[in-house]
1. Restricting segment 364-388 to residues that are surrounded by fewer than 24 Cβ atoms within 10 Å (Cβ to Cβ) and among the polar types (S, T, N, Q), which is nearest to LEU83 (Cα to Cα)?
2. Select, from ALA576, ALA551, ALA570, the only residue that is on the phi < 0 side of the Ramachandran plot, out of contact with any Leu (no Cβ under 6 Å at 6 or more places or on another chain) and of a type in the set (A, V, I, L, M).
3. Out of LEU440, LEU382, report the one residue that is in contact with a Phe, Trp or Tyr (Cβ under 8 Å, 6 or more places away or on another chain), in a strand (DSSP E or B) and either modelled with pLDDT of 85 or more or under 17 Å from SER311 (Cβ atoms) (or both).
4. Quick one: what pairs do we get from segment 706-734, first residue buried (at least 17 other Cβ atoms within 10 Å of the Cβ), second of a type in the set (Asp, Glu) and at pLDDT 85 or above, C-beta under 8 Å, 6+ apart or different chains?
5. Among the residues of segment 605-626, is any within 19 Å of PHE721 (Cβ to Cβ), modelled with pLDDT under 85 and in contact with a strand residue (DSSP E or B) (Cβ under 8 Å, 6 or more places away or on another chain)?
6. So which residues in segment 546-574 are touching a Phe, Trp or Tyr at 6+ places or on another chain (Cβ under 8 Å), aliphatic (A, V, I, L, M) and not in a helix (DSSP H, G or I)?
7. Criterion first (within 21 Å of the chain's Cα centre (by Cα), part of a helix (DSSP H, G or I) and modelled with pLDDT of 75 or more) does VAL159 satisfy it?
8. For segment 442-468, give me each residue that is of a type in the set (Val, Ile, Thr), under 19 Å from GLU612 (Cβ atoms) and touching a residue at least 60 places away in the same chain (Cβ under 8 Å).
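The values are calculated or read from the model by the stated rules, or taken from the named source; none is laboratory data. A quick note: this is a predicted structure, and the numbers were derived from the prediction, not measured. When we count neighbours, we look across all protein chains shown, and the Cβ atoms used for this are built from the backbone with ideal geometry, even at glycine.
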Amino acid sequence: MAHGASVAVFIAQLLVLLAGGRLLGELMQRIGQPPVIGQILAGVLLGPSVLGALAPGLWQLIFPPIPPQQAMLDAVAQLGILLLLLITGMETDLSVFRDARRAAVSVSLSGVIVPFLCGLLLGALLPDTLLPQPQRRLITTLFLGTALSISSVKIVALVVRDLGFLRRTVGQVILAASILDDTIGWIVISVIFGLALHGVIDLAAVLHSVLGAALFLVLSLTFGRRLVFNLLRWSNDTLTSEMANITTILVITALLALLTNALGVHYVLGAFVAGLLLGQSPMLTRQLGAQLRGLIIGLFMPVFFTLVGLSIDVSSLGHGRFLGLTLALIALASVGKFAGAFLGGRFGGLTARESFAVGCGMNARGSTEVIVASLGLQLGALNLQLFTAIVAMAVVTTLVMPPMLRFAFARLPMTAEERARLEREELESRGLLPRIDRMLVAVDASPSGRFASHLAGLLAALRRTPTTILQLRAAAGGSDAARAAARADELVQAAAAEAADATGTARTASAAGAPLAVTVRSGTADSAPTAVAAEAEKGYGLLLIGCEPAAVGDGFTPQITRTVGSFPGAFAIAVARGDQSRLGAGPLRVLVTVSGTGTSRQGAEVAIALAEASRGSVTALHVGARARAPLWPLRFGEVFVPRGYADAVLREIMDMGEHYGVEVRGAIRHSGGVGQAVLRELARAPHDLLVMGVSPRPGHELFLGELAAEMLARAHSSLLFVCGEPARAGVSQS
């Protein structure tokens, strides 16, 4: 350890920074402001301006002016910048460009150019006494222009979401434009960094930085996307140690940061692009993202932003000339950003009220601005006074943005088209499939196994869901395991290709073009519960089972019961019956039973997804009890029943099908026996598959209800039982 540095002092510094940043961040959050503002204010209170003035001895004890000691905190700050840019990229949802592309591009470009020009004007007018290096005025001027022009996508997304406008058209434009602002900002900062490193402004330095950034972006968004995907997939499927995927993500981030640094571009661009690539990867599950986010937000975020506040020289604001500069910077940043975004909104086809809201929403700088200022201070492009002025501008614009945006949003009525779109999105958000990050498929070489593999391929194709096939074999059939596993893999890939041809694109823009991950493993049928339980620890949202024998009479075999019980999430059981020669040969004709419950709605959702992927059709069947005979005569074949509830149930499913472009035909049948009505419907019209949403009942055996048991015993068509809840709630493992 370097002479003079103390581990005890370093731990004490981290303790003070963490506690202070967390407490003031919590306070700001409770009054409706971003926590980052509280963390910066905590640093100001702990810095020389407050604690250093009130208790200089205590301040010197906690933050001694010893270079090795300061270097330890600086290392944490540098790592914090890297990880904050990583999580910013991961949280950048590129799918918002799907519906707001034109307006977002217009708002972003205009909202960057106008304040950037204001920053250049300010930098040109600054006296030499306010510049850190007067001979390098251009570097300082470029930093000021960049600082004034970018927005903080994290703060913008947080405020827009809290106000309930995240899915509104204007909210999506604001968020998409902020994402583009951030991307442009980090590219510009990387180029400026390259110029600053060369020390001289010449054409060769500019070309080196610009070409380096362009080369990196092209390689990352082409080869890098698949490489990152394969690395994360390899880590998930191969490494068994705890938190191995977190280590892989950090390694990928460090490698891309070093690559940009080698190309003459600042490492922040590498970290940001790493986050973008990881965020788009289907292998990044919600659980994995939450683990990484917890590490960064719990440790590095409060430490970094409190350290920023610690560096602020509040005393300089007491000088009239510097206070005037700070006020001018705030005014230029606010007016320039608002004017640019407003004009961009009008050019992008937004109304005046919508453009006003966009201008208000784009005016928050927050964490992005602070990171930019810290980098400028590092490079010597900013001195402490300019750094303080920029951070003050970031704090003021971030504090002012929420009330201004609330005022603007209150004057934006919702259009009929927007209301319909939000209702459709709300319908989808309640579904089962959007919650499935990965799918585990346990199959054997039987017809049910092949059928389940085909269904898995169709479901995986819609959202590019990573899928693991656990190929089960008889204990004596080990020599055929590889061939059977390859066949299951082929079925999944063939069904996925068929679905891609049918639907034309993935359901979500972020998944479009992402490779479909299919991993094949093998095990014996007897060890299926153990193999499923071990694999489930890697995080899966759905288990799809297809193996034989599946049923004994009207119940499931013990193997199915134990396998389902070993999985802690949603499951589906496929049973192949009848003519399987049509497998993969054309559209699926699906019959689904609906009753208005959440479980039947999940079954309908899966049925519609299979029909969408295969260009098939769905018949939604509602069976009700026969009503009391009417007082007036009926015509021949007419049945008198109250239709209000049945119509509402079917309308919900038909609306779901319309949202996904699937033909759903509603059928209402009244009978004393629900099972008889379903069997008659199966016999009346050709159906390839009967889908049922079910719920497990308590007991030592897997029992999914009387209707499911009757279909298992008597139905001649293929079956798919879908359960959106873990079987452990209903199946004993003893």
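1. SER374
2. Only one candidate qualifies: ALA576.
3. Of LEU440, LEU382, the one residue that is in contact with a Phe, Trp or Tyr (Cβ under 8 Å, 6 or more places away or on another chain), in a strand (DSSP E or B) and either modelled with pLDDT of 85 or more or under 17 Å from SER311 (Cβ atoms) (or both) is LEU440.
4. SER717/ASP688; SER718/ASP688
5. yes
6. Listed by number, the residues that qualify are ALA550, ALA572, ILE573, ALA574.
7. Here the answer is no, as VAL159 does not meet what is asked.
8. Within segment 442-468, just THR465 meets the criteria.
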